[in-house]
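Notes follow once the structure below has been shown.
The values are calculated or read from the model by the stated rules, or taken from the named source; none is laboratory data. Since the model is a prediction, treat every value here as computed from it, not as a measurement. Cβ coordinates were reconstructed from backbone atoms using ideal geometry, including for glycine residues, and neighbour counts include every protein chain displayed. Accessible surface is based on the protein model in full, side chains and every heavy atom, while ligands, DNA and RNA are left aside. Shrake-Rupley method; radii C 1.70, N 1.55, O 1.52, S 1.80 Å.
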Amino acid sequence: MNSPSSTSLSSRGLLATGVTPRHLELEGGPLVIARAEGVYVEDEGGRRFLDAFAGYWTASIGYGRKRVADAVGAQLAKMNYTPLDWRAHRPALELAETLLARTPGMRRVFLCSGGSEAVDTALKLARVWGARQKPGRETILFRRGSYHGATLGAASVTGFQSLRSPFAPLLGGTREIAGSLSPDEALGALAMIAEPICAATDVRMPEETYWPGVSATLDSVGALLIADEVLTGVGRTGRWLASEHYGLTPDFVVLAKGLSGGYAPMGAVLISDRVAEVFEEEPIEHGYTFGGHPAGCTASLETLKIIDEENLIAQAEIQGAKIRAGLETIASRVEGFGPVSGVGLLYSLGHAVSGEDRQALRGALLSAGIIAYVEEGAIGIAPALSITDSEVEELLSRLEAGLTAFGAGSHG
């Protein structure tokens with residue numbers, strides 16, 4: 001039997017996210033990535049693209065790190081699976097200690113397989129804490145325009161109606177807040193979940209007074225803060241956590257994506273002293289079969305070592321400043337694009353393109369050899385933390401070429 005082409009595979013088998021099989025078929029099938037190295041990916045036809053979005057904020061140390069693959073392979077050859085219950089494995093123990101050492105005020109780490117699982121875990125643990133410490137409180141607050149994942153629990157605290165309404169009815173006991181948190185809104189709440197910096201579409205930097213005010217309000221009513229650092233953590237903003245920019249002391253820190261560099265599925269929930277206390281004597285009946293898998297833990301340990309050895313968190317701040325300057329220049333030269341928003345290596349460039357033209361914009365960028373995150377209202381730029389000076393220049397050059405071609409009507 002002949003192997004089907006990528007187009008027939010996409011129309012007959014794969015149900016992808018955010019796009020219909022029919023649309024993929026009309027486009028000739030998905031862009032099938034065959035190889036990747038550094039900040040570059042290559043499709044099966046040999047076309048090379050600069051990935052300006054690191055997959056989905058995920059390839060934090062770049063593609064093709066052989067030492068990570070070798071470490072994961074060696075671990076799997078030695079021992080490929082052990083649950084984390086009354087059993088454990090060395091990579092999980094080492095990763096937990098490594099994360100705690102980087103994050104003062106945290107006592108325990110719960111390991112899982114990705115960001116959505118980690119968010120669900122934080123929600124469940126918050127409710128267990130509430131039942132044991134604050135009986136009668138169960139409401140979890142979330143912000144309009146926030147994104148926290150794709151599971152039913154994570155969707156229940158995501159502030160985009162388009163990501164909520166198709167899956168209703170959702171988890172009860174949640175409530176959306178529109179702006180800053182008022183004392184009345186916080187009264188009786190168990191917890192609030194939020195990204196320190198919203199970045200699911202455009203990057204929205206909080207006002208200087210926002211987080212001090214929210215933190216004080218939560219403290220005044222004894223409510224927990226769940227910091228979703230899936231997109232913003234592990235050096236993405238030029239700090240270990242984006243929370244550090246605002247002096248936040250969360251009760252939970254949720255990590256995933258760049259934690260393992262994309263070399264294996266991985267997520268983690270860091271739990272503060274005051275919350276972890278309630279789990280010291282009573283067990284929690286919660287877990288995932290593949291949570292804290294040896295491959296994911298090993299990949300994460302190697303990724304963190306590379307981040308340290310190459311000083312990539314500091315580099316994110318340095319290279320990010322160059323990208324910001326370049327994006328500002330592009331916005332001044334190419335009509336219809338701007339403003340620029342972000343920090344570290346987490347940026348967005350605004351646009352007013354919608355509907356089918358958004359697909360044309362993505363196509364124009366692909367024709368210029370760059371992959372960026374073309375969302376409604378913004379283009380996301382978040383390359384690997386390992387991006388070099390010359391690659392920053394190339395990213396900006398390709399981006400401007402693609403935007404100029406789009407503006408001229410050459411949509412690829």
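Our compactness index for region 356-412, the C-alpha radius of gyration over the empirical 2.2 N^0.38 Å, is 1.11.
With 0.36 nm allotted per residue and the present C-alpha distance subtracted, the Glu376-Glu393 stretch has 3.6 nm of extension available. Calculate the length of the line joining the C-alpha centroid of region 119-176 to that of region 310-342, in whole Å. For region 119-176 versus region 310-342, the Cα centre distance is 33 Å. If we count every other residue with Cβ under 14 angstrom of Ala276's Cβ, Lys/Arg +1 and Asp/Glu -1, where does the sum land? Local charge sum for Ala276: -2. About its Cα centre, the chain has a charge dipole of approximately 600 debye under the convention of +1 per Lys or Arg Cβ and -1 per Asp or Glu Cβ, with nothing else charged. Between Ile318 and Ser332, the simple spin-label model (points 7 angstrom out along Cα→Cβ) gives 2.5 nm.
For Lys305, the lysines whose Cα comes closer than 18 Å to its Cα, not counting residues fewer than 8 places off in the same chain, are Lys66, Lys257. What shape does region 241-280 take by its C-alpha gyration tensor, where a ≥ b ≥ c are the square roots of the eigenvalues and a/c under 1.5 counts as rounded, a/b above b/c as prolate, and the rest as oblate? It comes out oblate by the Cα gyration axes.
Put a dot 7 Å past the Cα of His286, heading toward its Cβ, do the same for Ala77, and the two dots end up 3.8 nm apart. Ordered by 1.4 Å accessible area with all protein chains kept, Asp43, Asp273, Asp120 run largest first as Asp273, Asp120, Asp43. Each 5 Å bin, from zero up to the one with the longest distance, holds this percent of the alpha carbon pairs of region 211-346: 2, 9, 13, 16, 17, 15, 13, 8, 4, 2, 1, 0, 0. Computed from Cα atoms alone, the Kirkwood hydrodynamic radius reported for region 266-412 is 18.0 Å.
Computed over region 33-115, the percent of Cα pairs more than 17 Å apart is 65. In the chain, the DSSP-assigned H stretches of four residues or longer account for a calculated mean residue ellipticity at 222 nm of -11500 deg cm²/dmol, using -39500 (n - 2.57) per stretch and the full residue count as denominator. Rounded to the nearest 10 square angstrom, His286 shows an accessible area of 30 square angstrom against a 1.4 Å probe. A crude spin-label estimate for the pair Glu27 and Leu15, with each label 7 Å from Cα along the Cβ direction, gives 1.9 nm. Measuring nothing but alpha carbons in the chain and taking Rh as the Kirkwood radius, the Rg to Rh ratio lands at 0.97.
Fraction of C-alpha pairs exceeding 17 angstrom in region 15-69: 48 percent, rounded to a whole number.
Global size of region 80-231: 16.3, 50 Å for Rg and Dmax (C-alpha atoms, Rg to one decimal, Dmax whole).
All other residues whose Cβ lies under 10 angstrom from that of Trp57 are scored, Lys and Arg at +1 and Asp and Glu at -1, for a net of +2. When the inverse distances between all different Cα atoms of region 82-134 are averaged and flipped, the Kirkwood radius reads 12.6 angstrom. In region 291-412, Cα pairs under 8 Å separated by at least six residues give a relative contact order of 25 percent.
Ile313 sits among other residues whose Cβ lies under 11 Å from its own Cβ, and their net charge, with Lys and Arg +1 and Asp and Glu -1, is -1.
Normalised by the number of residues in the chain, the mean separation of alpha-carbon contacts (under 8 Å, six or more apart) gives a relative contact order of 21 percent. Mean silhouette area of region 69-162, derived from the convex hull of its C-alpha atoms and averaged over all directions, reads 8.9 nm².
Straightening the chain between Tyr56 and Lys124 buys 21.9 nm, computed as 0.36 nm per residue apart minus the Cα-Cα spacing.
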